[in-house]
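Since the structure comes first, as structure tokens, the remarks are kept for the end.
The values are calculated or read from the model by the stated rules, or taken from the named source; none is laboratory data. Worth saying up front: this structure is predicted, and the values here are computed from it rather than measured. When we count neighbours, we look across all protein chains shown, and the Cβ atoms used for this are built from the backbone with ideal geometry, even at glycine. With ligands, DNA and RNA removed, areas are computed over all heavy atoms of the protein, side chains included. Shrake-Rupley method; radii C 1.70, N 1.55, O 1.52, S 1.80 Å.
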Amino acid sequence: MSVVGKLFKWLIYVSVTIVLIYILWLFCRVFLFDQFVIPTESMSPTLLPGDRVIVDKTIVGARIYSDFDFDLKGGELRSWRLRGLRRMKRNDIVVFNFPHHDGRINFIINNVYAKRCVALPGDTISIEEGYYRNNNHKGVLGVESAQNALHAMTDSMIWRQALYTMPFDGHLPWTIRNMGPLYIPRKGDIIPITAKEACVYRMLLEWETGEKVDFDWNSNTAKINGKEFTSHTFSHNYYFMAGDNVCDSNDSRYWGLVPEEYIVGVVRWLSYSLNKGDGELNKDRVFLSLMDN
């Protein structure tokens, strides 16, 4: 075989190898694992800015898009999910698409958060003097030392804009120190709708019905497009996501619940970390497991 022929054969071999490696890489990202960078201190001390975390998509099942026409300003998420190895657990660290934009639930590709799941569908979550309480979980949710710090603060010590939480209504003056109880809707749940439920779940109700929701505290009633309604059957599962750094985290306390469809996967490992200041490798944070099982 001539030199030209050998070179041509070698180029074909290299090209095919590159294509196969790319296909394998893409397959892994879609169906198995993906890596994300932690940009803020909201999950401190568990996760730090500069950490690279590996998200396992097989745990709750990989999400497969059925429509790739993504609107960068937000739109409807159209996808389906493969069967997962297990259901989500309380205290799982989760990567998900941030669901709330301009007062409504919509999907923006690559706009992702990493938080800890502290309440599952069917749970009732509360914050009592700075501590998370879940009616279906007896242990600690999140990082207890951070909640100890919040417990030691008075309301006057907290920046006013950070003190009050959703639904930001004077009839429910919830704060990051005392919030709830808040029931986390589960697919198939039928709940009565009064002014309180309409206030708390307004964005969820508007997303599920596609209609405008109003409520009146004086009459304790709710309306959809001007017509009174008294109950709703939820068609989605929802989750309460919280940052471990409870004194400085933009999470479900402020913007509400995460639909199951918006979940990317569960954080399994920290692959490596680069210091935010100088970009140097943090040798103490290389390939650490972030799951108990």
- At 7 Å along the Cα-to-beta-carbon direction for both residue 64 and residue 283, put a label point, then send me their distance in nm to one decimal. 4.5 nm
- With no solvent and one point on each alpha carbon, what is the Debye value of log10 I(q)/I(0) for segment 186-230 at q = 0.28, 0.31 Å⁻¹? -1.06, -1.24
- Query: Which semi-axes, in whole Å and largest first, does the equivalent ellipsoid of segment 68-151 have when worked out from the alpha carbon gyration tensor as the square roots of 5 times its eigenvalues?
  - Reply: 29, 17, 11
- What residues from segment 183-211 fall in the zone where the backbone N is under 17 Å from a label point 7 Å along the Cα-to-C-beta line of residue 81? 184-189, 208
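Let a ≥ b ≥ c be the square roots of the eigenvalues of the Cα gyration tensor of segment 119-172; is it rounded (a/c under 1.5), or, if not, prolate (a/b larger than b/c) or oblate? Numbers along the way, then the final one.
Numbers: a/c = 2.77, a/b = 1.25, b/c = 2.22.
The shape class here is oblate.
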- Task: Place +1 on the Cβ of every Lys and Arg and -1 on the Cβ of every Asp and Glu in the chain, take the dipole about the Cα centre, and give the residue among 105, 16, 259 whose Cα lies farthest towards its positive end.
- Result: 16
- Message: Can you give me the % of accessible surface on the chain that is carbon or sulfur? Probe 1.4 Å, all protein chains present, nothing else counted.
- Response: 56 percent
- Query: With each pseudo-label sitting 7 Å past Cα toward Cβ, what's the residue 175-residue 35 distance in nm, one decimal?
  - Reply: 4.3 nm
- Which value in deg cm²/dmol, rounded to the nearest 500, describes the helix-derived mean residue ellipticity at 222 nm for the chain, given -39,500 (n - 2.57) per DSSP H run of n ≥ 4 and division by the residue count? -5500 deg cm²/dmol
- Item | Unit Cα scatterers, Debye sum, segment 222-261: log10 I(q)/I(0) for q = 0.17, 0.25 Å⁻¹ | -0.65, -0.85
- Item | Cα Rg, Dmax (largest Cα-Cα span) when computed across segment 95-213, Å | 15.5, 43
- If R0 = 45 Å, then residue 6 and residue 276, at their Cβ-Cβ distance, give a FRET efficiency to the nearest 0.05 of 0.35
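For the chain, what is the accessible area per residue in Å², given a 1.4 Å probe and the full set of protein chains?
54 Å²
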- Query: So for the pair residue 14, residue 124, with labels modelled 7 Å out along Cα→Cβ, what separation do we get in nm?
  - Reply: 6.7 nm
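In the structure shown, do any of 57/283; 57/138; 89/115; 89/138; 138/196 have a Cα-Cα gap over 18 Å, and if so which?
Numbers: 57/283 26 Å; 57/138 27 Å; 89/115 13 Å; 89/138 13 Å; 138/196 27 Å.
The pairs that break the limit, which is 18 Å between Cα atoms, are 57/283; 57/138; 138/196.
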- Which option, (1) 153; (2) 112; (3) 182, is the value of volume of the Cα convex hull per residue in Å³ that was calculated from these coordinates? (3)
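Would you kindly give the portion of the calculated P(r) for segment 203-271 that falls above 19 Å, as a percent of all Cα pairs?
On the way: 1246 of 2346 pairs.
Of all Cα-Cα pairs in segment 203-271, 53 percent lie more than 19 Å apart.
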